[in-house]
């Protein structure tokens, strides 16, 4: 072992220089680089001063004035986390965003959402530098085993890092400077007992298959290897890493709470029932023309080609094949290096790579309601009674009638729909830093990052082919497509949708047509900064020992996006898009100690920062600035306050993301034979007099929206105010506590007006703005399919405001007075939500989502959340035992609220989600110096998530619950090891 390590050291200097040379050679052709903000003292440097997250000032004893939460690498291991977003989502400052538990409609990423202000308003950094383009900041890019700590600045930081940091900053500090080899491996799985009586009774009533009583699934494997070498002189290091993570998929039929899609029923919606989709396996027909236009009929279940009136007994249970944990395989690799060429020059750089392949699965495809199909009246596959009902006196002729068809492809040869997503990310940065003169340091760097998405959607019906396959004639006693007869499509295979499972294997093969999309997003950043200790030149107040410190910098950033879709994807509503923008910025920050070590003033300091930015697509420059004040009367207590102004320009995705159609939980009040809304109100949404009372319901309470970018967006303007106190009482060694108030107000908030608000405001208030967002199918008036939707593209809405109080605390209890019992570490972080106010249109009026959840307010917004961990460090066996308590407060259904922007039909069964408590246990054991074992149980008592009707769920809801908020898998267990060589 000794000889191997000596050899590693001998090669270290050459390897570091070689890597840095490669970094400098390839990307310099683009002449683009990034801002440098060193974020941890563990990084070797030519200067003794360090930079804390939230500031660019370098000084040895700088204390952040911004509220900050730090998550250590040990916490990641105690949670058994293989996805770093799951660690952050436990913190009360975060709200779950896109994650591994999303299925149908997921984009395959893992993003972080600070203060529930959206993932585009939190800036994600790696060692103080931008990780990836903001909207594409997929934290799957970060191998959890490499995390040394995560700094979370929970106040605005736009003046320091740029306008993206409205809600704060997440800075991943990675383990570097390794001298040797480290292997980290972990295995985990879930175990759940399906014993929820109410969901099981609903499944039984619907005659669906009950999940097994006891299930073990959801396996995850995470293996990471790192090798590092120091230069012989100790002036440099190079560290390489590779990693592999695999997650096994789990379907919704394995859990009783998600085994069927749940709908509301009963008086005041006081019960749930296993519902499903009207696009059923027997075949639904909504006649749009002919003598019986307006009727909704269904094939009988016995397959005898007879139509009967449709009712809920025909609903199709779409849930079983959907995922509550996606399949995923991820490869990561990279390197970090630095080398001190001289006291004036240190070269540094890094390479990071990720290839992540995940897929989601949904129920088999269908000829979906919402697309107008034509059936010729002499189609030989129809029975005589069906032809008479559809065509009347035209039966047997070549006349065609229009109809919606909801026919699920479930027979032999069918397959679930599968959305294959592959994300390939690259990140390269390199720079030079060092001393310029007495008290001055510099840093010049560049960063280039690329995010590539390749998506293939498989086993979906090509409607153009389905239309051909429904135009069938009799040729010599054989049903034959007209397109075969006339030669326009010799491969056409007729489809018999007039009975249960009437399609042949050849028909499935003909209908299925995969779609392909390809997207690339790039970011190039060039930056340079100067840091000066002006105290060495006598710039200080008469009452302070330390002088002023200054940081100045310049940054140029360019972002590009290109999205391509094949013809089939475009035909289904996905549009191609491309765009780019550049921004040039100047910034400065000063930190000035005003008074030090005076009576009643242990320390009083002022920090101020300013950034001016010129975006090439905006006429005027935008400015951000901050002012921070700290006052410590004694060493036991410190008060802090800050004000941040941010002017956030839209990011590349908000500007140029392709427009496409997507599903949303919503109910059309103008659908059904007896619409809830009046004919006059429905007319405002685009319903004609002839359509009123004849519009089909959105299937499974899921309507369609059209989302996408908007190149005409104006910048947001955000104001962040914080005030707090930090307590470190000398009479209680090892104890620290902080309380921080925050208030963030964002005007001209960039986003989309949610569908329930559009529907309610148009119908209830006749507001022309909301009514203009309806795009009904011109033939049928529906809000689903390919021609019916609610417009939800990005726009400047009203405002978003959130405020509350963060409470954090740490305490180490020394047990040595009781004997050789080690010590116990306590940590606590909690957040009280004072308000979460939203105005969807300037001047319209606002609503407050504090303590609410639902279609308008989204995921639960409890008034109080916290996490508390206690870890007993056992000295006699070098082990630790740890317990963690997670608390998530109760939330009420927003549609039951009296606010007119929230109020809807009263719902009794899901009127409240009760408060949730989870207990987690973990242990570590350092078997010997080179080997540490760990294991643990999360959600130790296998607590079920809340069961919520599918129509009440909003974004990131899945499987009748919110799987990013509540544990969806049940009890999870993990074991792992870390070995050093």
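The values are calculated or read from the model by the stated rules, or taken from the named source; none is laboratory data. Fair warning: this is a prediction, and the values are worked out from it, not measured in the lab. With ideal geometry, Cβ positions are generated from the backbone for all residues, glycine too; neighbour counts draw on all protein chains shown.
Looking only at the range 608-619, count how many residues are in contact with a helix residue (DSSP H, G or I) (Cβ under 9 Å, 6 or more places away or on another chain) and either outside any strand (DSSP E or B) or surrounded by fewer than 20 Cβ atoms within 10 Å (Cβ to Cβ) (or both).
The total comes to 3.
Please determine, by comparing only the residues of the range 901-918 that are in contact with a strand residue (DSSP E or B) (Cβ under 6 Å, 6 or more places away or on another chain) and at pLDDT 95 or above, which one is farthest from residue 885 (Cα to Cα).
Within the range 901-918, the match that is farthest from residue 885 (Cα to Cα) is 909.
Using the structure shown, decide if residue 677 is over 23 Å from the mean Cα position of the chain (by Cα), free of Cβ contacts under 8 Å to residues at least 40 places away in the same chain and surrounded by fewer than 23 Cβ atoms within 10 Å (Cβ to Cβ).
No; evaluated as a whole, the condition is false for this residue.
Only one residue in 407, 348, 339 is at pLDDT 95 or above, within 22 Å of residue 293 (Cα to Cα), in contact with a strand residue (DSSP E or B) (Cβ under 6 Å, 6 or more places away or on another chain) and part of a strand (DSSP E or B), so which one is that?
On inspection, the qualifying residue turns out to be 407.
Scan the range 764-773 and give yes if some residue there is under 20 Å from residue 841 (Cα atoms), in the same structural domain as residue 667 (by TED's automatic domain parsing), part of a strand (DSSP E or B) and in contact with a strand residue (DSSP E or B) (Cβ under 9 Å, 6 or more places away or on another chain), otherwise no.
No; the residues of the range 764-773 include none that is under 20 Å from residue 841 (Cα atoms), in the same structural domain as residue 667 (by TED's automatic domain parsing), part of a strand (DSSP E or B) and in contact with a strand residue (DSSP E or B) (Cβ under 9 Å, 6 or more places away or on another chain).
So, in the range 368-389, exactly how many residues are part of a helix (DSSP H, G or I) and either crowded, with 17+ Cβ neighbours inside 10 Å or free of Cβ contacts under 8 Å to residues at least 12 places away in the same chain (or both)?
Looking only at that region, the number is 5.
Do we have residue 73 as modelled with pLDDT of 70 or more, over 30 Å from residue 606 (Cα atoms), in contact with a strand residue (DSSP E or B) (Cβ under 6 Å, 6 or more places away or on another chain) and surrounded by 24 or more Cβ atoms within 10 Å (Cβ to Cβ) here? It would help to see each step written out before you state the result.
Details: modelled with pLDDT of 70 or more: yes; over 30 Å from residue 606 (Cα atoms): yes; in contact with a strand residue (DSSP E or B) (Cβ under 6 Å, 6 or more places away or on another chain): yes; surrounded by 24 or more Cβ atoms within 10 Å (Cβ to Cβ): no.
Considered against the rule, which asks whether it is modelled with pLDDT of 70 or more, over 30 Å from residue 606 (Cα atoms), in contact with a strand residue (DSSP E or B) (Cβ under 6 Å, 6 or more places away or on another chain) and surrounded by 24 or more Cβ atoms within 10 Å (Cβ to Cβ), residue 73 comes out as no.
Looking at 905, 920, 892 in this structure, which one is assigned by TED's automatic domain parsing to the domain that holds residue 975 and in a loop (DSSP other than H, G, I, E, B)?
905
Report, by residue number, each residue of the range 727-747 that is touching a residue at least 60 places away in the same chain (Cβ under 8 Å) and closer than 30 Å to residue 666 by Cβ.
744, 746
Criterion first (in a strand (DSSP E or B), surrounded by 22 or more Cβ atoms within 10 Å (Cβ to Cβ) and under 30 Å from the mean Cα position of the chain (by Cα)) does residue 744 satisfy it? Before the answer, list the steps.
Working: in a strand (DSSP E or B): yes; surrounded by 22 or more Cβ atoms within 10 Å (Cβ to Cβ): yes; under 30 Å from the mean Cα position of the chain (by Cα): yes.
Yes: the conditions hold for residue 744.
Going by the structure shown, is residue 439 touching a helix residue (DSSP H, G or I) at 6+ places or on another chain (Cβ under 6 Å) and more than 20 Å from residue 367 (Cβ to Cβ)?
yes
Take residue 886 and decide whether it is in the same structural domain as residue 78 (by TED's automatic domain parsing), free of Cβ contacts under 8 Å to residues at least 24 places away in the same chain and in contact with a strand residue (DSSP E or B) (Cβ under 6 Å, 6 or more places away or on another chain).
Taking the combined requirement at face value, the residue does not satisfy it.
So that you can scan it fast, the table gives a plain yes or no per residue for (1) touching a helix residue (DSSP H, G or I) at 6+ places or on another chain (Cβ under 9 Å); (2) closer than 25 Å to residue 794 by Cα; (3) surrounded by fewer than 18 Cβ atoms within 10 Å (Cβ to Cβ); (4) touching a residue at least 60 places away in the same chain (Cβ under 8 Å):
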residue: 599; (1), (2), (3), (4): no, no, yes, no
residue: 606; (1), (2), (3), (4): no, no, yes, no
residue: 621; (1), (2), (3), (4): no, yes, yes, no
residue: 626; (1), (2), (3), (4): yes, no, no, yes
residue: 636; (1), (2), (3), (4): no, no, yes, yes
residue: 640; (1), (2), (3), (4): no, no, no, yes
residue: 648; (1), (2), (3), (4): yes, yes, no, yes
residue: 651; (1), (2), (3), (4): yes, yes, no, yes
